[in-house]
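In what follows, a single structure is set out as structure tokens and then discussed.
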Amino acid sequence: MPKTKTAYFCQNCGAQYSKWVGQCSSCKQWNTVVEELVQKEEKQSWKTTSNTAKKVSKPLRVNEISTDKELRLNTFDLEFNRVLGGGLVPGALVLLGGEPGVGKSTLLLQIALKLPYRTLYVSGEESQKQIKMRADRIHPDSENCYILTETKTQNIFRQIEATEPDIVVIDSIQTLHSDYIESAAGSISQIRECTAELMKFAKETNTPVILIGHITKDGSIAGPKILEHMVDTVLQFEGDRNYVYRILRSLKNRFGSTAELGIYEMQGAGLREVNNPSEILISKNEEKLSGTAIASTIEGMRPLMIEIQALVSTAVYGTPQRSTTGYNAKRLNMLLAVLEKRAGFKLGAKDVFLNITGGISVDDPAIDLAVIAAILSSNEDIPIEKGVCFAAEVGLAGEIRPVQRVDQRILEAEKLGFTSIYVSKNNKISLKNTKIAVHKAARIEDVVGDLFG
Ligand SMILES: [Zn+2]
């Protein structure tokens, strides 16, 4: 009989304790420490054999090291490539996190089906038949994608040795278990062990491995913060079930920037890459409506035109309501205070609702002026002229402040057919011969006079 051993793990951050404690001393969470069965044996999880080790590293003189751009595998998905920083790096361990049902499996399955490389898609969530049915809707005649239904890592490695895939996808890390650990699948010690085995495989064979990880409602990757430390790249797939758009972000990337953003549209047959997001984020309403304004914002490296909708109405109860979707509520309160003081609007007795269309959320302060314009437009019930957009921050004194990369914002607005844009008087613009009229304003009063005067 092997001797069983138990240990205590924090389900939030993965810290290990020899006895139970009420509060995790590492992440300060209460009641997150649970006992797990652990059994240690000599590990033989992923064995390097001569035919699987494609690369053995040895020391090189500095001047011998090649500085050529490292080879990346094209995923044939522009959005996915962009967020990864130009494709998959050989040997990289990538975690794709997201809430259950957001479409993580759909995204990776559709990428796997289109790849010209041999791909092994391992699912512990669905049967081969279920996956086949989904695959038929996306890409029925895929030749390079192998589907394996398996949850035991030792069996997965056996199949990997037989198939020799170029890319491995694991759906999901929470369903895997290793023979060397006794506790249940999804527990901290199993997740840690299975991830470590897969990482060893990825590094020793130079094969990229993508893990799917479910995250909880509060946004952390379920239990294992440890996972985020172990992998090279952490991607997050976000989106409201009520909206058709999905956003792919990078939270950590050893091989590229984390500023990039990918946008997809959920359709019946899978996810469509949205390579020109501005077109979808602006409603195609032809009639002029009060309470909407367009901002030229920048997410990652890409300019985006987004639509802001505001609704201002008389407060029915004593305290006026403030509600925002996709925008910081504190920032809204600040802008309302500025309006009250500088533009003389009695907003204290009004309810204000603010919404950024498309279900995306924006941090860019350059949308301030558009937020103010939308609120005033709703309050006055005067629509803003079609073709007008905004790119400026608003300060506490009501001054209109310059924003970064204003040229890029102006160009995007012009490209999408806007005829005029409001920016700060202090913004340096190096563009010449633009067709779009660039209005330079110093104070919000100037813009208000122009729009609703
Ligand atoms: Zn903890």
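Could you tell me whether Phe418 is open to solvent by 50 Å² or more (accessible area, probe 1.4 Å), in contact with a strand residue (DSSP E or B) (Cβ under 7 Å, 6 or more places away or on another chain) and not acidic (Asp, Glu)?
no
Applying the condition of being in contact (Cβ under 8 Å) with a residue 40 or more places away in the chain and over 24 Å from Gln267 (Cα atoms) to segment 131-158 and asking which residue is most open to solvent (accessible area, probe 1.4 Å) yields Gln154.
Residues of segment 344-359 being of a type in the set (A, V, I, L, M, F, W, C) and open to solvent by 10 Å² or more (accessible area, probe 1.4 Å), which ones? Passing the criteria: Phe345, Ala349, Phe353. Of the residues making up segment 86-101, those that are open to solvent by less than 10 Å² (accessible area, probe 1.4 Å), touching a residue at least 60 places away in the same chain (Cβ under 8 Å) and touching a strand residue (DSSP E or B) at 6+ places or on another chain (Cβ under 7 Å) number 8. Taking the criterion of being touching a helix residue (DSSP H, G or I) at 6+ places or on another chain (Cβ under 8 Å) and surrounded by fewer than 22 Cβ atoms within 10 Å (Cβ to Cβ), the only residue of segment 402-411 that qualifies is Gln404. Of the candidates Thr297, Thr258, the single residue that is without any contact (Cβ under 8 Å) to a residue 40 or more places away in the chain and either in contact with a Ser or Thr (Cβ under 9 Å, 6 or more places away or on another chain) or β-branched (Val, Ile, Thr) (or both) is Thr258.
Within segment 361-384, how many residues are open to solvent by 10 Å² or more (accessible area, probe 1.4 Å) and touching a residue at least 40 places away in the same chain (Cβ under 8 Å)?
Qualifying residue count, segment 361-384: 8.
Within segment 314-324, not a single residue is in a helix (DSSP H, G or I), open to solvent by 20 Å² or more (accessible area, probe 1.4 Å), within 30 Å of Ile263 (Cβ to Cβ) and assigned by TED's automatic domain parsing to the domain that holds Glu399. Selection of segment 216-267 for residues being part of a loop (DSSP other than H, G, I, E, B), open to solvent by 10 Å² or more (accessible area, probe 1.4 Å) and modelled with pLDDT of 70 or more yields Gly239, Tyr243, Val244, Arg254, Phe255, Gly256, Ser257, Thr258, Ala259, Glu260.
Restricting the search to helices (runs of 4 or more DSSP H) fully inside segment 366-453 and requiring at least 1 residues that are more than 20 Å from Met301 (Cβ to Cβ) gives 368-380, 444-452.
The values are calculated or read from the model by the stated rules, or taken from the named source; none is laboratory data. Since the structure is predicted, the reported quantities are computational estimates derived from the model, not experimental observations. Cβ coordinates were reconstructed from backbone atoms using ideal geometry, including for glycine residues, and neighbour counts include every protein chain displayed. The accessibility values were calculated without ligands, DNA or RNA, using every heavy atom of the protein model including side chains. Shrake-Rupley method; radii C 1.70, N 1.55, O 1.52, S 1.80 Å.
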